[in-house]
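The values are calculated or read from the model by the stated rules, or taken from the named source; none is laboratory data. Just so you know, these numbers come straight off a predicted model, no measurement behind them. Cβ placement follows ideal geometry from the backbone for every residue including glycine, while neighbour counts extend to all protein chains displayed.
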Amino acid sequence: MAQKKLTFEEGMEQLEALARALESGEMPLEESLTAYDKAVKLHKKLQEMLDQGDARIRVLTEAGEQEAREDEF
Amino acid sequence: MLTQERWALSVSELNEYVRRTLAGDPLLRSVEVRGEISGYRHHVSGHRYFSLKDESARVQCVMFRQQAQGLDFRPADGMRVTVRASASVFVRDGTYQLYVESMRAEGAGDLYLRFEQLKKKLADEGLFDPARKREIPLFPRTIGIATSRTGAAVHDIVQIARRRNPNVNIVLAPCAVQGSAAAGEIVRAIERLNRQGEADVLLVGRGGGSLEDLFAFNEESVARAIAASRIPVISCVGHEIDFTIADFVADLRAPTPSAAAELAVPVVGDLRAALAGMALRLRNSLARGQALRRARLERLLAGPVFALPGRMLIEPRRSRLEGASARLAQAVRARLEAERTRLGMAAKTLSAVDPQKVIERGYAVVKRDGRYVTRAEALHVNDDITVVMSGGEVFAWVTGARKAQGDVNGTEEADV
């Protein structure tokens, strides 16, 4: 079951919705604790997303993929 | 005798000589020339500067403001025109150029016409429809670039992307961006990036140039490759004022490659700050929710739902209570009064039967051996008695007695 990868934007929207729901005080206590847990996990995931990336530049020529020279750009 | 030395002209003299030679030629004084406009510049002074060219040669042209006022169309690069001009030399610079007096369009310029026709065709197909434009992801992990490997465009994009997100991955698919081979190479670059599939957004474009330089981005094949791209495309061709067909098809147009990098890559510091703010908000959210729940409950209790029955229950009860306590107080007061009265009456009664009061009224009380004697038959002759009377006591002894006649109510005086 392939899930579409969560984008940062979608993640932020979900966090916003969770925060609003928790702030409203309209959830039963048990439900709000579960929601809070979910929010904490999601927050961590988004934080990891921001740190991702290896800062490489790859050049994709007709012949194939190669690394760019360090000073090329 | 002629020496080897030739008479040398000064530059001014040379240029002037050439000018006069040209001016002396009736054909060159007013000549019609046909060609394609290139490098057209409309100067602030109102003068127009451009080249006219054919397949193998070009000539510099100037049309001064006064003559340009007679234009009945807007000249542009690529347009085929015929000019009436005088060929001359600008003595100060030594430049040979055409001084254009009038210009007429020769149908439409080849390039320009092709541009307009293709634009209409693709617009009719709906390729420029705002509805089919995809959203550019807020935070791409990888950006793909289709442009020349050398040149300012890729350099600018990389610099700016790195500055905004030092960790961002970059994949470059190099391609020619001008010349006859460019269109095909751009198409294949876009396809390669889509096949590799890692990029979250593509930047397709090049730095500034003339209309011919940019023209690969007006080709139908490039437009269709952009439309077919699975990955969203930001176009960045030339400068602010240039609009190519690629710009119309792309999901987003940037005026320059630098601007494209800014649109594609958010400042990661800003995103971190937003996340931190969200963390704080979440931390407080449970407490806030609790406070809201409590407030809501209190409001409910104080609110109309409870107050109305309160008005119905509490109010009458209160007044009943108040009535009752008033009545209670009243009753207590009354009782107190009654008791006081009774006490008063009792006191009166008591005082009525107070022996001392009786004595003061004139009656006497008899005592014998310290005890009161109330019946005559209890006394014997010669008993010592004390007679308590108003004013004191009298000591006596009994000399005789006689029983009383009659009933209690009527008493006869008895002789003692």
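Which of the residues belonging to region B:253-295 are outside any helix (DSSP H, G or I) and touching a Cys at 6+ places or on another chain (Cβ under 7 Å)?
Residues satisfying the conditions are B:A254, B:T256.
Among the numbered criteria (1) within 30 Å of B:A287 (Cβ to Cβ); (2) surrounded by fewer than 17 Cβ atoms within 10 Å (Cβ to Cβ); (3) facing chain B (nearest Cβ under 7 Å), which single criterion is violated by A:A55?
(1)
Of the residues B:E262, B:E240, only one is away from every other protein chain (no Cβ under 14 Å), of a type in the set (D, E, K, R) and under 26 Å from the mean Cα position of the chain (by Cα); which?
B:E262
For region A:1-51, name all the residues that are farther than 27 Å from B:V268 by Cα, at the interface with another protein chain (Cβ under 9 Å from one of its Cβ atoms) and in a loop (DSSP other than H, G, I, E, B).
Within region A:1-51, A:G25, A:E26, A:M27 qualify.
Answer yes or no as to whether A:E65 is surrounded by fewer than 16 Cβ atoms within 10 Å (Cβ to Cβ), under 30 Å from B:E191 (Cα atoms), more than 7 Å from every other protein chain (Cβ to nearest Cβ) and in contact with a Lys or Arg (Cβ under 8 Å, 6 or more places away or on another chain).
Here the answer is yes, as A:E65 does meet what is asked.
Hey, among B:L118, B:L113, which residue is under 30 Å from B:L252 (Cβ atoms), modelled with pLDDT under 95 and in contact with a Gly (Cβ under 8 Å, 6 or more places away or on another chain)?
Matching residue, one of B:L118, B:L113: B:L113.
Among the residues of region B:99-110, are any in a helix (DSSP H, G or I), in contact with an Asp or Glu (Cβ under 8 Å, 6 or more places away or on another chain) and within 29 Å of B:I245 (Cβ to Cβ)?
Yes: one or more hits.
For region B:143-152, which residues satisfy the criterion of being at pLDDT below 95 and either within 30 Å of the chain's Cα centre (by Cα) or more than 10 Å from chain A (Cβ to nearest Cβ) (or both)?
Result: B:G151, B:A152.
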